[in-house]
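Participant: Have a look at the structure that comes next, please.
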Amino acid sequence: MGKSLLKGCIFGGIIVFAWMIVSWTVLPWHCWSLKGIENQSAVSEALVNNTSEDGIYVIPSFCGAEWDEMGEKVAEMEKGPFVFMSLKRYGHGPNTGTFVISFIFQLIGALGITFLILKTKGLNYFSKVGLVTLIGFLIGFLGELPYWNWWGFSFGFVFVELLDMVIAWFLAGLVIAAVAKE
């Protein structure tokens, strides 16, 4: 089990990591749902001037509101605008550290999925691929769709994220299923 687990972890992690790089840098589909803001300089300045630290911000803010104020907050949310954003006041971009961390995440995911595949008995190659793909779907479904439901992320954005997970883990599943020997 040890060699199979290690192979599935390494090869699966590499495949998922490589797919994500291709998906974000070569394919145009992520940009279909990411919108730009007009007068970006003024909005950026307003954000920096009206926040004190990096973090997740919500407009209208309801955290810290008393229970009897929640009806008013819900009305503000329904009226709009509603904003849910991640703010990095002094910039953030892809660098060596973010790529290394992402790769580690994919290795851990591939390790866990390979472990699960090795615990199954009697599955043929295609059933193993299907199970890994199903796990990828569940990762995307449970990980992304709540953002659409609760925070108003565009369906296009979460759908592409879901597809990324399905495709990435299908591709990894082709290899994990081959190396995961009982």
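What follows draws every value from the coordinates through simple rules; no lab data is involved. Here the structure is a predicted model, which is why all the values come from computation and not from measurement. Ideal geometry is used to build each Cβ from the backbone, glycine not excepted, and the neighbour counts take in all protein chains shown.
Participant: Quick check: Cα centre of the range 28-53 to Cα centre of the range 107-182, how many Å?
Facilitator: Using only Cα atoms to place each centre, the spacing works out to 32 Å.
Participant: I would also like to ask the following. With r defined as the distance between the Cβ atoms of VAL48 and GLU69 and R0 fixed at 30 Å, what FRET efficiency is calculated, to the nearest 0.05?
Facilitator: Numbers: r = 28 Å, r/R0 = 0.92.
The computed FRET efficiency comes out at 0.60.
Participant: Taking Cα atoms, how many degrees apart are the long axis of helix 155-179 and the longest axis of the chain, rounded to 10 and kept between 0 and 90?
Facilitator: 20 degrees
Participant: A further question on this structure: Return HIS92, HIS30 ranked ascending by Cβ neighbour count within 10 Å, so the fewest neighbours appear first. Write down the numbers at each step before the final one.
Facilitator: Numbers: HIS92 11, HIS30 15.
Ascending Cβ contact count within 10 Å gives the list HIS92, HIS30.
Participant: Need one word for the range 95-157: rounded, prolate or oblate. Basis is the Cα gyration tensor (sqrt eigenvalues a ≥ b ≥ c); a/c below 1.5 gives rounded, then a/b vs b/c decides.
Facilitator: Working: a/c = 3.13, a/b = 1.38, b/c = 2.27.
Verdict is oblate for the range 95-157.
Participant: Shifting gears a bit: Quick check: pseudo-label points 7 Å beyond the Cα along Cα→Cβ at LEU87 and SER154, how many nm apart are they?
Facilitator: The two pseudo-label positions are separated by 2.3 nm.
Participant: Note the listed values [x] 20.5, 61; [y] 23.6, 88; [z] 47.1, 171, then indicate which one is Rg and Dmax of the Cα atoms in Å calculated from this particular structure.
Facilitator: Computed from these coordinates, Rg and Dmax of the Cα atoms in Å corresponds to label [x].
Participant: Something else about it: When only Cα pairs under 8 Å and 6 or more residues apart are kept, what is the percent relative contact order across the range 1-85? Don't skip to the end; give the middle numbers.
Facilitator: Numbers: 27 pairs, mean separation 19.3, N = 85.
It comes to 23 percent, rounded to a whole number.
Participant: Starting with the fewest neighbours, write out TRP67, TRP29 ranked by other beta-carbon atoms found within 10 Å of each beta-carbon.
Facilitator: On the way: TRP67 6, TRP29 14.
Ranking TRP67, TRP29 by Cβ neighbours within 10 Å, fewest first, gives TRP67, TRP29.
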